[in-house]
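A quick write-up on the structure given underneath.
The values are calculated or read from the model by the stated rules, or taken from the named source; none is laboratory data. Since this is a predicted model, take the numbers as computed values, not measurements. Reconstructed Cβ throughout: ideal geometry from the backbone, glycine too, with neighbour counts over all protein chains shown. All accessible areas refer to the heavy atoms of the entire protein, side chains included, with ligands and DNA or RNA removed. Shrake-Rupley method; radii C 1.70, N 1.55, O 1.52, S 1.80 Å.
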Amino acid sequence: MEYKFSNYNLVNKNDKGQNYIYNVLTKKCYLLSELNYNNIKNKDIEKIINNANCFEALKSAGMVIEKEKDEIEIIDYNYHNIVYNDEVLELTIIMTQRCNFKCIYCYQNENASSLDMENAEKILKFIEISTKKKFKKVYINWFGGEPLLMSDLLIQMSERIVDIAKKNKFSYIGRITTNGYLLTQELFKKLLKAHIIVYMITVDGSEDYHNKQRPLKQGRETYNTIIKNLVEIRQIKKNFIIDLRVNVSTDSYNHMEQFLVQYEKLFDNDKRINLVMEAVHDWHGERIQKHKDQVINNVEKIKELYKLASNYNICLQNYLKYDFEVQICIASKKNGYFIAGDASVHKCEMAMNDDYYYDKSLIGFIDKNGNLVIDKEKEIKWLTRSRDLDSCYDCIAYPYCMGGAQCNYGMKFHKNIQCEDNRAFLEWTSAIHSLNYAIGFLD
């Protein structure tokens, strides 16, 4: 039998000077002796084969493979399994386009429209009908605007979905994206009871910078209210996940250590609360045009912040675990939809907020009987990748991005290819992975 190295091995040194190999396809990692590091770097397969223990370990981890094995076929098989999975229904329900905040980088087109009971019934009927025929899992992201402006209807709907899940025998997990201002301990308990257990809440660094970037519409500060809510929520002795997102701007970047010190004191490595740091991007929209100087385009800057955060007692594990998985956007999945307040069905929330691409995102609607009516020709545009993938196959990031399926809106419509960012991200996160999750040491 002839063997070769996988095309998707990342071989490098981490911050401790340790040699490691990480396979982007299998997501497995080993630390290496200097000899094995050099042999793999030089692609000397014979020397690896002659080292029986090392060879068997690398083979079992998919880092050394049979010569005729086609990894591209495996990646494409994985892609189609994710995109056309008929066991999982993923919905983002937009409760309202209204918001109580006026964030400087927000791209959304705000209006007064909100989900009403008539359209909520259409959505609930759709979930009941579709889970009778298929779907073993239903994931719903409650979204806005600010969805907690409609908290009573949101909880009522989620409780109904829990009842439907019991009847149709599927599992339901709710997630909510909220600014956290209205998320009191009392409301949080009601949401947990309604199976909403995953939360994305944004706190943009220390108090001064958060209040500058995320004020109320009237201009009032929001930081202290959100922090008070989070501190009180921590007192609840139940399981939940809060991803605490920090949008880092050029102004706040140099003051992030001050925030990390505060964060450690407030949350003390609570495994239920995970820090996620992201650069402020230009997602279009009028507001960001006035604050272009706050956009960070260099992924290395965020990498440095994660290195800094690792020095503190802060939970980063779920973020790293989440981002090591293949992240195919809901827009690229056959059974992934954004549902607006009028029960119209869309593929991409960002395209919904872009006047030019709105019609391309609008692929159908839910009728009064709960039937999903889809324009198949429009849908196809979101489920297929670029025809020219030849240049992708040899890229180390191909098993991770699968040819741009992370964001078809960016790839296919805006021609925004982020290959360098993906590669830089993989190098950085694989190094962190080698420090924390390496399977073992190969001598």
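Scan the range 220-230 residue by residue and report those that are open to solvent by 50 Å² or more (accessible area, probe 1.4 Å) and farther than 15 Å from LEU187 by Cβ.
ARG220, GLU221, ASN224
Out of (1) within 17 Å of GLU349 (Cα to Cα); (2) in contact with a strand residue (DSSP E or B) (Cβ under 7 Å, 6 or more places away or on another chain); (3) open to solvent by 60 Å² or more (accessible area, probe 1.4 Å), the odd one out for LYS381 is which?
Exception for LYS381: condition (2).
Is it true that some residue in the range 118-139 is touching a helix residue (DSSP H, G or I) at 6+ places or on another chain (Cβ under 6 Å), outside any loop (DSSP other than H, G, I, E, B), modelled with pLDDT of 95 or more and aromatic (Phe, Trp, Tyr)?
The answer is no, given that none of the residues of the range 118-139 is touching a helix residue (DSSP H, G or I) at 6+ places or on another chain (Cβ under 6 Å), outside any loop (DSSP other than H, G, I, E, B), modelled with pLDDT of 95 or more and aromatic (Phe, Trp, Tyr).
Within the bounds of the range 336-343, is there any residue that is surrounded by fewer than 19 Cβ atoms within 10 Å (Cβ to Cβ) and either farther than 18 Å from ILE93 by Cα or without any contact (Cβ under 8 Å) to a residue 60 or more places away in the chain (or both)?
Looking through the range 336-343, none of the residues is surrounded by fewer than 19 Cβ atoms within 10 Å (Cβ to Cβ) and either farther than 18 Å from ILE93 by Cα or without any contact (Cβ under 8 Å) to a residue 60 or more places away in the chain (or both).
Pick from the range 136-148 the residues that are of a type outside the set (Ser, Thr, Tyr) and surrounded by fewer than 19 Cβ atoms within 10 Å (Cβ to Cβ): which of them is nearest to the chain's Cα centre (by Cα)?
LYS137
Tell me, yes or no, whether the range 261-271 has at least one residue that is at pLDDT 75 or above, open to solvent by 20 Å² or more (accessible area, probe 1.4 Å) and in a strand (DSSP E or B).
No: zero hits.
In the set LYS238, LYS307, LYS290, which member is modelled with pLDDT of 90 or more and either open to solvent by 60 Å² or more (accessible area, probe 1.4 Å) or within 24 Å of the chain's Cα centre (by Cα) (or both)?
Of the residues listed, the single one that is modelled with pLDDT of 90 or more and either open to solvent by 60 Å² or more (accessible area, probe 1.4 Å) or within 24 Å of the chain's Cα centre (by Cα) (or both) is LYS238.
All but one of (1) at pLDDT below 95; (2) closer than 15 Å to ILE439 by Cβ; (3) touching a strand residue (DSSP E or B) at 6+ places or on another chain (Cβ under 8 Å); (4) of a type in the set (Val, Ile, Thr) hold for ILE49; which doesn't?
(2)
Please go through the range 182-237 and give me each residue that is within 20 Å of ASP270 (Cβ to Cβ), in contact with a strand residue (DSSP E or B) (Cβ under 8 Å, 6 or more places away or on another chain) and among the β-branched types (Val, Ile, Thr), ordered by number.
If the condition is that a residue be within 20 Å of ASP270 (Cβ to Cβ), in contact with a strand residue (DSSP E or B) (Cβ under 8 Å, 6 or more places away or on another chain) and among the β-branched types (Val, Ile, Thr), then ILE196, ILE197, VAL198, ILE201, THR202, VAL203, ILE226, ILE233 are the ones that fit.
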